[in-house]
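None of the figures in this text is laboratory data; all of them are computed from the coordinates on show. Computed from a predicted model, the values in this text were never measured in an experiment. Ideal geometry is used to build each Cβ from the backbone, glycine not excepted, and the neighbour counts take in all protein chains shown.
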Amino acid sequence: MEKFTTLKSKAIPLNIENVDTDQIIPARFLKATDRKGFGDNLFRDWRYHKDGSVNIDFILNDAQYSGKILVAGDNFGCGSSREHAAWAITDFGFKVVVSSFFADIFKGNALNNGLLPVQVSKAFLSDLLQIIASNSETELLVDLENQIISVKDFDLSEKFEIDAYKKTCMINGYDDIDYLVNNKKLIEAFEAQKIY
Amino acid sequence: MGKTLFDKVWDAHVVDAIDNGPQILYIDKHLIHEVTSPQAFNELEERGIPVYRPNQIVATADHNTPTLNQDQPIKDELSRKQLEQLSKNCKKNDITLYQLGHKYNGIVHVMAPELGVTQPGLTMVCGDSHTSTHGAFGAIAFGIGTSQVAQVFASQCLLLTKPKSLRVSVNGELKEGVLPKDVILYIISKLGTNSGTGYFCEYAGNVFEDMSMEGRMTVCNMSIEMGARGGMIAPDETTFSYVKGREFAPKGEDFDKKVAYWKTLPTDEDAVFDQEYSFDAEDIEPMITYGTNPGMGIKISETIPVNDNPSFKKSLAYMNFEAGESLINKPINFVFIGSCTNSRIEDFRVAAKYIKGKKKADNVTAWLVPGSKQVEHQIIEEGLKTIFDDAGFELRQPGCSACLAMNDDKIPQGEYCVSTSNRNFEGRQGQGSRTILASPLVAAATAVEGKIIDITKHLN
C-alpha cells in the first residue's frame, strides 16, 4: 500500500448525497479479475449517456475542475461492499474523499487501499463545497499526521478523526495482512481452546 | 451489567486486541463467490501466503450466472472467465465449490443457510454486503471488502473495532398482507439509510419471534440498507428446528450440546444498548418505495412526500414521479420475484397463493428466480410451478438475476420494475431502469394487474 502523509491539491466537488457504490462503479463492470482499470468506469452512468457520449453536465467532465481530492455529499459509499468502488476512485487518481458521513464498508475498503476518507462536519462540508464551486482553483491541504484539513487562503480548517491503528497503517503503508499473518501463533492458540 | 446477543458472540471470538486499536476477531465461516474473490486469491499468490483454513470456506457461483440454459456454456466471455477463475482458485486451494448446475448451487445467502453452514453463535463473513442475512440465526454475519477477503484467507481473522449496539423492537399483531419485507422496509423508511452506520442491530419483539426463518432472513438481509453492518435475531426453537438435520448441521449428541450453548446466547434482560427504537406492528402496512434509496419508502396507500432537498428532487426526477402523488394505478411492465432478500420457498408460496387461478397481465414481463437449486426443486415438487406456468409467469434458474444488472437479466431503460430485491439505486437493475421495492405479495399482485394496486383492499 502507498504511504500517505500530507496532500496539497485542488478538489472536485460532487454535491450529491447518498452516493452509493452502484453509482461509483456499476455492477456490469465488476467482471474483471484484477484490481486495475476501474477508473475508466468511475461514475460511468453519470459521466456518459447511454449511447456512450460524454455528459457535459457532470462535474468530472467539467474541464475547469481537477485534483486528487473528491468532495462529496453526505453518506458517501453506501450500498454494496464492492471494493471495486475504492479501486475505481484511486485508479481515477483520487487520494482523498471528503464527506460529512461515510458508509462503514466503503470507509474500511478505502483505508485498505491507501485512499483517505476525511469525515468533516456538515457545516464545514457545506462551506467547502461552496468555496470550490465559486473557485475551481481552490487548494486544500490534508495533513494526516495532525488530522487537519484546511483550505488555502481561507481561514477554514477542521480536525478530523481516524482510528489510531489505521492512521499508522496509512502513514507507513502497512496493511492488515502483515499484522495478522505475524500473529498466527495467537490465532492457532485461540483455535485450540475455542469456547463455543 | 448483562450482555447482548451480539456481545456474547463477539466476545467469544476475540483472539487478541491491539492497544488503542482494533481487535483480532476470529471468523468461523467464510463464504465466497466469483465477483469479490479473484483479486484476493491473486493477492495471496503474489505474496506467497497460503489459504489458512480452506475447510472453513464455502464457495458458490451466483452474481454473474445466467438464469436460463445453465447446462450450456456461458455466452458472455468475461462472465465465463470469472466463473472459470473461481473454479480454478477453489480447486487449487482445496475449497468446496457449489458451481453452476450443482444441486446445492444458489445465491450465497440462500444456499448456506439451507445447507446448515449458517448456525447460531458463529461469526460469518462474505465479500457481499447482504451477508447480514445470516444474522437471522443469531450469528454475527457481515459483508467485507476484497482486501478483507484476503485477510480471512490468510489468517481466518479480521482486524475490527467493535461496533456499537442498536436494538429495533417491533411488538403487536401484523395486519393481514403485511410480510417481513414490509416490516423491514417500514423500519428503514422511519430510520433512514444511515441510521445504522457504526452499529450492529438486534431485532427483538414478538413480531420477529413469530416469524419463520425465511422471514427473519428477509429482515436481517436489509440491515445494511439502513447502514448497519449486520442484523441479528435471538436463536430459539424456530432456529434450532430449521438447522436440525441439514447437511452441515451438527448431528446427534453434538447437536444437543450446541443447542444447550445456543440457548445461552439471547440478550440478557439487564443488557443496555447504545441506541433503541421501537415500533407498533399495527402501524405497519404493505410498503413500496418511490425513490432511489431503500429509505424512500411509503405505505402503499400513502402519497409521495414533499421535500425540498436537491438530492431528494434528483431522485424523484430519475423515477419520473411527482412529490405528493400516489403510486396506485401506475402501469408497470416488469416484475421480479427473487434476490437474496426474497427468493426462498416461502416467498414463492406467498406469490403462488395469490396468483392461483389468476393470469398475468399482458403488458407484464414477470420473472420468478429461485434463490437456489433446492428452492427450484421445491417449487416444482409443491406444484407451484404449475400455478406459475398457468398464470403466464416465467420460472427461471437460480442466481442473483435482475437484482444487480450484472448478468443477462436486466430491466430496460426507463421501465419500472416492481421488485422483491433490496436496492432501488439508480440503474441497479439495468441502465436507466427504475426500481420499486416491495414484498412478494405486492409484486405478484402488480404482475396480475399490470399496475400497482392497493393490496390491502384486495385481500379476503
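The table below lists the values:
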{"read-out": "Answer residue from the range B:134-153, given it is in contact with a Pro (Cβ under 8 Å, 6 or more places away or on another chain) and among the aliphatic types (A, V, I, L, M) and is nearest to the other protein chains (Cβ to nearest Cβ) among those", "value": "B:Ala139"}
{"read-out": "Of all residues in the range A:49-70 being under 21 Å from A:Leu128 (Cβ atoms) and within 14 Å of chain B (Cβ to nearest Cβ), the one that is surrounded by the fewest Cβ atoms within 10 Å (Cβ to Cβ)", "value": "A:Phe58"}
{"read-out": "Cβ pairs under 7 Å, 6+ apart, first in the range A:151-179 and touching a residue at least 12 places away in the same chain (Cβ under 8 Å) and under 27 Å from A:Glu137 (Cα atoms), second part of a helix (DSSP H, G or I) and among the acidic types (Asp, Glu)", "value": "A:Leu156/A:Asp127"}
{"read-out": "Boolean, A:Ala86 is within 13 Å of chain B (Cβ to nearest Cβ) and within 8 Å of the chain's Cα centre (by Cα)", "value": "yes"}
{"read-out": "Residue within the range A:139-158 that is within 11 Å of chain B (Cβ to nearest Cβ), surrounded by 17 or more Cβ atoms within 10 Å (Cβ to Cβ) and part of a loop (DSSP other than H, G, I, E, B) present", "value": "no"}
{"read-out": "Filter result for the condition that a residue is closer than 28 Å to B:Ser301 by Cα, touching a residue at least 12 places away in the same chain (Cβ under 8 Å) and under 18 Å from the mean Cα position of the chain (by Cα), over B:Phe393, B:Phe388, B:Phe336", "value": "B:Phe336"}
{"read-out": "Qualifying residue in the range B:388-398 (condition: within 14 Å of chain A (Cβ to nearest Cβ) and not in a strand (DSSP E or B))", "value": "no"}
{"read-out": "Residues of the range B:234-254 that turn out to be within 14 Å of chain A (Cβ to nearest Cβ) and either part of a loop (DSSP other than H, G, I, E, B) or surrounded by 14 or more Cβ atoms within 10 Å (Cβ to Cβ) (or both), as a count", "value": "2"}
{"read-out": "The range A:89-135, residues that are of a type in the set (Lys, Arg) and within 14 Å of chain B (Cβ to nearest Cβ)", "value": "A:Lys107, A:Lys122"}
{"read-out": "Flag if B:Pro412 is away from chain A (no Cβ under 14 Å), assigned to a loop (DSSP other than H, G, I, E, B) and touching a Phe, Trp or Tyr at 6+ places or on another chain (Cβ under 9 Å)", "value": "no"}
{"read-out": "Residue within the range B:214-224 that is assigned to a loop (DSSP other than H, G, I, E, B) and either within 14 Å of another protein chain (Cβ to nearest Cβ) or of a type outside the set (Ser, Thr, Tyr) (or both) present", "value": "no"}
{"read-out": "Number of positions in the range A:171-189 that are part of a helix (DSSP H, G or I) and either of a type in the set (D, E, K, R) or more than 7 Å from every other protein chain (Cβ to nearest Cβ) (or both)", "value": "8"}
{"read-out": "Failed criterion for B:Cys157 (all others in (1) at the interface with chain A (Cβ under 8 Å from one of its Cβ atoms); (2) of a type outside the set (Ser, Thr, Tyr); (3) surrounded by fewer than 24 Cβ atoms within 10 Å (Cβ to Cβ); (4) touching a residue at least 40 places away in the same chain (Cβ under 8 Å) hold)", "value": "(3)"}
